[in-house]
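Peer 1: Have a look at this one.
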Amino acid sequence: MDQTVAKRRAGEAAARWVTSGMHIGLGTGSTTAFAIQALGARVRAEGLAIAGVPTSSAAAVLARAEGIPLCDLNDLRGGLDLALDGADEVDPQFNLIKGRGAAHTREKIVAQQARRFVVLIDPTKQVDQLGTRMPVPVEVLPMAAAAVMRAIEQLGGRPAIRMGVRKDGPVVTDQGLWVIDARFEGLHDPASLNHELLMLPGVLDHGLFIGMATDVVVGGPEGVEVLQHR
Ligand code: 5RP
């Protein structure tokens, strides 16, 4: 099945979960873009009254273009009702690798503030073990890059600074930092790696999301499958 069709189905299905009055986390990436577009259509057609917290400058640009009012997480005493976001890998326990779009730090903050964190994927993102296909992105201060890369090697990973496409030099995140992609050829203990990476001086955050997702919406040939964490 066409991956783009599956992404669209997941995104559009998740947008139907949203009701007026909600504060929504707006994720980053091509799957969530379908959800943001569908929410924008509902704002215009139904007068759906929502406010979104974008997880990246990319999500903010798209949400503004769609006419979705934005708000600041600092102004929300009650947190978010729902966060919608994509993922690069999802394991059977709903642990995730995120950050292909280098937005994982803000994505994690927003997801953590939501009562439900709904992950939107096509079936290719489902894996038995995290890290078999995708690297773990680690956001670092540029002056700490070499030290963090050495530490990642000691943890058994193969690090590489993510380089820009249509921009010379490293990718620069929305925080003005760099991303190191760490390949591990399969994570045997993602929860431990989560803590070990966070302990490294110079690391802001990384793309392992452990025990955060509450729901996974998988777009597929028969429509969508909704998986809920028990
Ligand atoms: C961006 C992300 C994305 O949510 C993730 O890469 C999935 O993207 P897509 O929906 O385009 O496959 O984590 O930082």
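The values are calculated or read from the model by the stated rules, or taken from the named source; none is laboratory data. For clarity, every value in this text was computed on a predicted model and none was experimentally measured. Heads up, the Cβs are rebuilt from the backbone with ideal geometry, glycines too, and the neighbour counts pull from every protein chain shown. Quick note on the areas: whole protein, heavy atoms, side chains included, nothing else; ligands and nucleic acids left out. Shrake-Rupley method; radii C 1.70, N 1.55, O 1.52, S 1.80 Å.
Peer 1: Of all residues in the range 77-92, which are away from the ligand (no atom under 15 Å from the Cβ) and either within 11 Å of Ile121 (Cα to Cα) or of a type in the set (A, V, I, L, M) (or both)?
Peer 2: If the condition is that a residue be away from the ligand (no atom under 15 Å from the Cβ) and either within 11 Å of Ile121 (Cα to Cα) or of a type in the set (A, V, I, L, M) (or both), then Leu80, Leu82 are the ones that fit.
Peer 1: Looking only at the range 135-164, count how many residues are touching a Phe, Trp or Tyr at 6+ places or on another chain (Cβ under 9 Å) and of a type in the set (Asp, Glu).
Peer 2: 1
Peer 1: Run down Leu39, Leu62 and say which single residue is open to solvent by 30 Å² or more (accessible area, probe 1.4 Å) and in a helix (DSSP H, G or I).
Peer 2: The unique qualifying residue is Leu62.
Peer 1: Only one of these conditions is not met by Trp17: (1) open to solvent by 30 Å² or more (accessible area, probe 1.4 Å); (2) in contact with a helix residue (DSSP H, G or I) (Cβ under 8 Å, 6 or more places away or on another chain). Which number is it?
Peer 2: (2)
Peer 1: When the range 163-190 is examined, which residues are found to be buried (at least 20 other Cβ atoms within 10 Å of the Cβ) and farther than 27 Å from Gln93 by Cα?
Peer 2: Once the filter is applied, which keeps residues that are buried (at least 20 other Cβ atoms within 10 Å of the Cβ) and farther than 27 Å from Gln93 by Cα, the range 163-190 yields Thr173, Leu177, Trp178.
Peer 1: If you don't mind, there's one more thing I want to ask. Restricting the first residue to the range 108-128 and requiring it to be of a type in the set (Gly, Ala, Ser) and open to solvent by less than 10 Å² (accessible area, probe 1.4 Å), which pairs with a second residue that is at pLDDT 95 or above and not in a helix (DSSP H, G or I) meet a Cβ separation below 6 Å and a spacing of at least six or different chains?
Peer 2: Pairs found: Ala111/Ala83; Ala111/Phe117; Ala111/Met212.
Peer 1: Okay, moving on. Checking Gly78 against (1) assigned to a loop (DSSP other than H, G, I, E, B); (2) crowded, with 21+ Cβ neighbours inside 10 Å, only one condition comes out false. Which one?
Peer 2: (2)
Peer 1: Scan the range 15-36 for residues that are within 12 Å of the ligand (Cβ to nearest atom) and in a helix (DSSP H, G or I) and report the count.
Peer 2: The qualifying residues number 7.
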